[in-house]
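First comes the structure, then the notes that go with it.
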Amino acid sequence: MLDLTEVVEATKDSLMISSSIEKLDERYFKDYSSSLKGLNPNTFNGDEVEVIKNIKGADPNKVINLLRDIRNGFSVNALRDIEDVNENIESIKQHVDMLRSFFSEWYKHQTLDVREIVLSNFYSTFKVERITSNMEDDITSLMKLLNLYIDASMYDKAFSLARELPVAFCMKLKGGGTFDAEDDNYKECNDFVTTYFNSKHSEVLKYRNMLMHGGLSIDLKVNVSQDGKLSISKENQIKIRSLEEESKKLENYELEIMNE
């Protein structure tokens with residue numbers, strides 16, 4: 001008989017890490033950093049020592065911070081988190097690959113038989129490259145983030161980012177500025193984007209307002225009766241159910257307005 005408890009736990013943890021990255025939600029992530037800190041490189045042999053030193057310094061909290069900022073809609077912080085993750089991930093990948101080669105010849109590396117090292121946790125973490133790879137300038141990177149929000153069904157973040165991103169693009173073309181009501185470039189760009197969406201794709205603004213107001217939006221014309229009962233017309237209920245379909249058009253709308 002075999003005790004498979006640790007195998008089952010490792011599989012579960014790795015699946016949670018993968019799901020966390022896919023859903024852009026750090027709350028699923030299994031933080032294994034405390035286990036790694038318990039490793040003592042001096043108890044290992046030869047080439048193992050340097051590898052253990054390096055993976056011990058692997059910090060999944062960099063990925064956790066990235067996912068947290070994405071989930072909360074802090075896009076500028078997320079861009080800086082991506083840079084942070086990218087600076088560290090290649091080195092960690094090299095040492096994890098070395099670990100894998102050691103494990104393939106386990107009979108030469110029996111000192112590595114410790115429960116703190118779970119290779120599948122690392123490989124699941126490397127799936128963060130789905131988010132961090134092929135990043136260019138910040139505005140182009142945010143276009144990628146917009147699509148990630150749509151894939152993860154995070155429609156509130158998708159519609160909000162789609163509303164504001166063209167403003168940033170416009171400000172870039174006008175020489176820069178600050179998202180501030182007193183900034184002339186911001187005011188001009190914001191007015192242009194608002195006017196454009198109102199005339200061409202007003203549903204973007206309506207969905208954004210609906211989501212930002214927790215469903216109690218004038219765009220949904222929520223009715224409040226004298227006894228406090230809330231209701232929405234069938235027409236607006238259909239509008240809510242169209243969220244997913246409408247979100248898939250956002251990238252095209254962004255490209256259209258940026259071209260304009």
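The values are calculated or read from the model by the stated rules, or taken from the named source; none is laboratory data. Here the structure is a predicted model, which is why all the values come from computation and not from measurement. Every residue, glycine among them, receives a Cβ derived from its backbone with ideal geometry; neighbour counts consider all protein chains shown. In case anyone asks, the SASA skips ligands and DNA or RNA and just uses the protein heavy atoms, side chains included. Shrake-Rupley method; radii C 1.70, N 1.55, O 1.52, S 1.80 Å.
How large a share of the accessible area of the chain, in percent, is made up of carbon and sulfur atoms when the probe is 1.4 Å and the other protein chains stay in place?
Percent of accessible area from carbon and sulfur atoms in the chain: 49.
With the chain treated as a Gaussian network of Cα nodes joined by springs under 10 Å, which of Lys62, Lys23, Lys229 yields the largest mean-square fluctuation?
Answer for the Gaussian network model of the chain: Lys229.
Read phi for every residue in the range 55-72 and hand back ³J(HN,Hα) as whole Hz from Karplus 6.51 cos²θ - 1.76 cosθ + 1.60, θ = phi - 60°, with x for Gly and Pro.
6, 5, x, 4, 10, x, 5, 5, 6, 4, 4, 4, 5, 5, 5, 5, 4, 7
Can you work out the PRE-style zone for Leu216? Point 7 Å along Cα to Cβ, and I want the residues of the range 226-256 with backbone N under 15 Å.
Zone members listed by number: 226-232.
Given all pairs of different Cα atoms, what value in angstroms does the Kirkwood hydrodynamic radius of the range 161-260 take?
Hydrodynamic radius (Kirkwood, Cα pairs) of the range 161-260 is 15.1 Å.
Past 24 Å, Cα to Cα, is the threshold; run Lys144/Lys239; Lys93/Lys248; Lys56/Lys127; Lys56/Lys108; Lys62/Lys174; Lys174/Lys248 against it and keep the listed order.
Where the Cα-Cα span goes over 24 Å, the pairs concerned are Lys144/Lys239; Lys93/Lys248; Lys62/Lys174; Lys174/Lys248.
Can you work out the accessible area per residue across the range 4-132, with the rest of the protein chains kept in place, probe 1.4 Å, in square angstrom?
Value for the range 4-132: 54 Å² per residue.
Of Val63, Val76, Val204, which is the most mobile in a GNM of the chain whose springs link Cα atoms less than 10 angstrom apart?
In this elastic network of the chain, the residue with the biggest mean-square fluctuation among Val63, Val76, Val204 is Val76.
Please calculate how many Å² of accessible area the range 138-258 carries per residue, with a 1.4 Å probe and no DNA, RNA or ligand atoms counted.
56
Per q in 0.17 1/Å, what log10 I(q)/I(0) does a Debye calculation on the alpha-carbon atoms of the range 1-144 return?
-0.96
Name the residues whose placed amide hydrogens come within less than 5 Å of the amide hydrogen of Val222, ignoring near sequence neighbours (fewer than 5 apart) on the same chain.
Amide H neighbours of Val222: Ser217.
To check my understanding: the extent here is largest minus smallest coordinate of the Cα atoms along each principal axis. What are those three numbers for the chain, in Å, largest first?
70, 52, 28
Give me Rg over Rh for the range 108-238, both radii from the alpha carbons and Rh done the Kirkwood way, two decimal places.
1.19
Tell me, what ³J(HN,Hα) does each residue in the range 211-221 have, in order and in whole Hz, if you take phi through Karplus 6.51 cos²θ - 1.76 cosθ + 1.60 with θ = phi - 60° and put x for Gly and Pro?
Karplus values, whole Hz, x for Gly and Pro: 6, 6, 9, x, x, 9, 10, 5, 5, 9, 6.
If you project the alpha carbons of the range 162-221 onto their three principal axes, what span does each projection cover, largest first, in Å?
39, 22, 15
What residue among Ile139, Val222, Met258 has its Cα farthest toward the positive end of the dipole of the range 138-258, where the charges are +1 on Lys, Arg and -1 on Asp, Glu, each on the Cβ?
After comparing all options, I get Val222.
When the dipole is taken about the Cα centre of the chain, and only Lys, Arg (+1) and Asp, Glu (-1) are charged at their Cβ, what size is it in debye, to the nearest 20?
Once rounded to the nearest 20, the dipole reads 760 debye.
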